[in-house]
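Take a look at the structure set out below.
The values are calculated or read from the model by the stated rules, or taken from the named source; none is laboratory data. Just so it is clear, the model here is predicted, and its values are computed rather than measured. As a convention, Cβ positions derive from the backbone with ideal geometry for all residues, glycine included, and neighbour counts pool all protein chains shown. What goes into the accessible areas is simple: the full protein's heavy atoms, side chains included, and nothing from ligands, DNA or RNA. Shrake-Rupley method; radii C 1.70, N 1.55, O 1.52, S 1.80 Å.
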Amino acid sequence: MTQATRVVHPIEQESFRRLRARLDTSHFPPLTRAVVERVIHSAADLEYASDLVMDEADLVAAHAALHAGAPVVVDVEMVAAGITRRGTVCRLKDAESGPGLTRSAHAVRLAYEEVGPGALWVIGCAPTALEELLTLDASPALVIGLPVGFVGAAESKAALRESGLPAVSNVSEKGGSAVAAAALNALLYHPLSQTEETS
């Protein structure tokens, strides 16, 4: 897929300038830096620099898959609304809860039936969605697992890290739709040529 040139608004440019004036991100590898900065920008929370967990090699592979057209699956429409320049799959409106199964978990099952292996999964709301994804043999290109909350959020993200799947997660209970979408947008916005040079 070809990558269109993105025009950056002056307010965004100034916001990133101020971010970098307050936090040195130059030691991060290119895609890690892009994700860290965009997540921080979305939340105005510098603590994400030490809270996020990811691997540059995983990001390079995911970036290639994303720009080659791999599907993007989200857990809720709020995540979808934050992702620009790319359509997403969200099956929450079709899902139903049942004994031992939340709507969010059922939505993950439905989405996997639709997209199959190799997708990028962006989970920013429901820990049960992330937990359900980990039970499937989804072979994801990347899991952005940043659900938020006091019940199950940190635990589901710890399980994601323990799974060995290529992932972006964070250690704390914070997260949410905006930061999950921001992490995906960081990969969307990062120039293909720069990634090829650093891979």
request  = Note down the nm distance, to one decimal, between modelled labels 7 Å out along Cα→Cβ at residue 47 and at residue 113.
outcome  = 4.0 nm
query = Using a probe of 1.4 angstrom, how much of the accessible area of the range 60-199 is carbon and sulfur, in percent?
reply = 56 percent
key: Estimated FRET transfer efficiency when R0 is 22 angstrom, pair residue 150-residue 22 (beta carbons, to 0.05)   = 0.20
note = Note, the range 36-43: 3J(HN,Hα) by Karplus (6.51, -1.76, 1.60, θ = phi - 60°), whole Hz, Gly/Pro = x, goes 4, 5, 6, 5, 4, 4, 6, 10
request  = Amide H neighbours of residue 144 under 5 Å, at least 5 residues apart or on other chains, H built in the peptide plane: list them.
outcome  = 121, 122, 123, 168
task = On a 0 to 90° scale, report how tilted helix 103-115 is relative to the longest principal axis of the chain, with both axes built from alpha carbons and the result rounded to the nearest 10.
result = 80 degrees
query = Taking only Cα atoms, what is the 0 to 90° angle, nearest 10, from helix 153-163's long axis to the longest principal axis of the chain?
reply = 90 degrees
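As an exercise, use a Förster radius of 30 Å and the Cβ-Cβ distance of residue 93 and residue 137 to find the FRET efficiency, rounded to the nearest 0.05. Don't skip to the end; give the middle numbers.
Numbers: r = 25 Å, r/R0 = 0.84.
The computed FRET efficiency comes out at 0.75.
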inquiry  = Can you give me the angle between helix 177-189 and the longest principal axis of the chain, using Cα atoms only, in degrees from 0 to 90, rounded to the nearest 10?
reply    = 50 degrees
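For the chain, what class follows from the C-alpha gyration tensor (a ≥ b ≥ c being the square roots of its eigenvalues): rounded when a/c is under 1.5, otherwise prolate if a/b is larger than b/c, else oblate? Walk me through the intermediate numbers first.
Working: a/c = 1.72, a/b = 1.43, b/c = 1.21.
Here the chain falls in the prolate category.
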